[in-house]
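I have placed the structure first, in the form of structure tokens, so that the comments after it can refer back to it.
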Amino acid sequence: MKIETRKKTIDLKEAKRFQKTVYDYYHESGRDLPWRFVENPYHVYVSEIMLQQTQVARVIEKYTIFINIYPTIETLASAPLSGIYEVWQGLGYNRRVISLKKTAQIIVEEYKGCFPSEVNELIKLPGIGHATASSISVFAFNQPASFIETNIRSVYLHHFFQERESVPDSDILFFVDLTLDRKNSRIWYYALMDYGVYLKSKFSNLNAKSRHYTKQSRFEGSDRQIRGKILRALSEKNKIFTATGVDQTVAENRLFQGVKIDKERGHEILTRLYKEGFLKYSNGRIVFN
């Protein structure tokens with residue numbers, strides 16, 4: 001039997017051979033990661049948010065520390081934003097801290113502390129897109145959802161799209177769904193990701209074939225770097241930045257001077273941090289919300 005697409009014909013026997021290749025690698029060389037095979041959906045959720053745009057090596061160290069400090073969804077929901085940020089430092093993309101806090105509060109207040117297992121429910125939560133919702137559903141509940149992340153994309157581009165360029169994720173998802181091990185989706189995705197890491201080490205820049213491929217922008221001098229400087233300065237509770245008895249402009253200018261950034265650019269970034277709910281100006285102080 002063959003299944004036709006606009007771009008390619010695939011034999012179902014080929015799909016089975018592909019599954020065997022992936023599983024053979026995993027059984028021989030699969031990674032042992034601290035968030036694998038955990039039965040707590042909250043712990044899975046934390047790991048998946050950390051892994052968004054962050055390398056596994058950096059997450060391994062932070063994940064264990066984070067879970068030790070915030071072992072339950074309830075402890076995270078009640079924690080101050082500044083405390084969560086202090087633990088988070090080093091992972092980057094700090095907007096995720098706000099999403100963590102808001103999602104924890106929603107789970108506690110609206111779901112009685114229990115994570116939903118369905119993708120269409122998970123995707124309603126702050127900071128959770130389709131891929132993250134699907135990965136939580138798969139890894140926490142062993143649900144057979146189809147999704148793509150960078151290592152998975154590399155596997156399918158290598159095996160099914162060697163003759164093509166600018167491949168859209170919609171075409172890749174067709175093969176992800178076709179080859180999905182629906183009875184053992186959790187293990188299947190562990191295997192896919194590990195195999196993808198191996199392929200990326202062996203073949204250079206496999207994801208360049210993707211239509212959605214973009215090079216990460218330079219960090220040095222970026223808005224992301226400046227955001228981090230501001231948040232770190234405030235989390236350290238430096239008295240220069242949080243002194244009482246001054247107006248907002250003076251407090252902000254002291255902050256910009258302390259972290260050595262241009263006032264105009266600093267004001268734009270600080271305004272976004274206010275709007276996002278990260279920071280607020282209260283009683284002469286710039287503080288975490």
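The values are calculated or read from the model by the stated rules, or taken from the named source; none is laboratory data. Computed from a predicted model, the values in this text were never measured in an experiment. Every residue, glycine among them, receives a Cβ derived from its backbone with ideal geometry; neighbour counts consider all protein chains shown.
Tally the residues that are closer than 25 Å to Phe219 by Cβ and either surrounded by 14 or more Cβ atoms within 10 Å (Cβ to Cβ) or in contact with a strand residue (DSSP E or B) (Cβ under 6 Å, 6 or more places away or on another chain) (or both), restricting the search to the range 34-70.
15
Only one residue in Arg254, Arg232, Arg272 is within 27 Å of the chain's Cα centre (by Cα), outside any loop (DSSP other than H, G, I, E, B), over 30 Å from Gln19 (Cα atoms) and modelled with pLDDT under 90, so which one is that? Give the steps one after another, and end with the answer.
On the way: Arg254 fails: within 27 Å of the chain's Cα centre (by Cα); Arg272 fails: modelled with pLDDT under 90.
Exactly one of Arg254, Arg232, Arg272 is within 27 Å of the chain's Cα centre (by Cα), outside any loop (DSSP other than H, G, I, E, B), over 30 Å from Gln19 (Cα atoms) and modelled with pLDDT under 90, namely Arg232.
Just name the residue that is surrounded by the most Cβ atoms within 10 Å (Cβ to Cβ) out of those in the range 103-131 that are in contact with a Leu (Cβ under 8 Å, 6 or more places away or on another chain) and under 21 Å from Gln53 (Cβ atoms).
The qualifying residue surrounded by the most Cβ atoms within 10 Å (Cβ to Cβ) is Ala104.
Could you check, for the range 47-60, whether at least one of its residues is acidic (Asp, Glu), assigned to a helix (DSSP H, G or I), in contact (Cβ under 8 Å) with a residue 24 or more places away in the chain and more than 29 Å from Leu178 (Cβ to Cβ)?
no
Provide a single number: the residues in the range 170-187 that are hydroxyl-bearing (Ser, Thr, Tyr) and under 20 Å from Phe141 (Cα atoms).
2
Going by the structure shown, is Thr64 of a type in the set (Ser, Thr, Tyr) and modelled with pLDDT under 95?
Answer is no for this residue.
With respect to Ile98, is the statement that it is in a helix (DSSP H, G or I) and either without any contact (Cβ under 8 Å) to a residue 40 or more places away in the chain or more than 27 Å from Arg186 (Cα to Cα) (or both) true?
For Ile98, the condition - in a helix (DSSP H, G or I) and either without any contact (Cβ under 8 Å) to a residue 40 or more places away in the chain or more than 27 Å from Arg186 (Cα to Cα) (or both) - is met.
Based on what the data block shows, is Arg6 at pLDDT below 95, basic (Lys, Arg) and surrounded by fewer than 19 Cβ atoms within 10 Å (Cβ to Cβ)?
Spelling it out, Arg6 is indeed at pLDDT below 95, basic (Lys, Arg) and surrounded by fewer than 19 Cβ atoms within 10 Å (Cβ to Cβ).
List pairs: first in the range 264-277 and under 16 Å from Leu81 (Cα atoms), second surrounded by 14 or more Cβ atoms within 10 Å (Cβ to Cβ), Cβ under 7 Å, 6+ apart or cross-chain?
If the second residue must be surrounded by 14 or more Cβ atoms within 10 Å (Cβ to Cβ), the pairs left are Leu273/Arg227; Leu273/Ile230; Leu273/Leu279; Glu276/Arg95; Glu276/Ile98; Gly277/Ile98; Gly277/Asn289.
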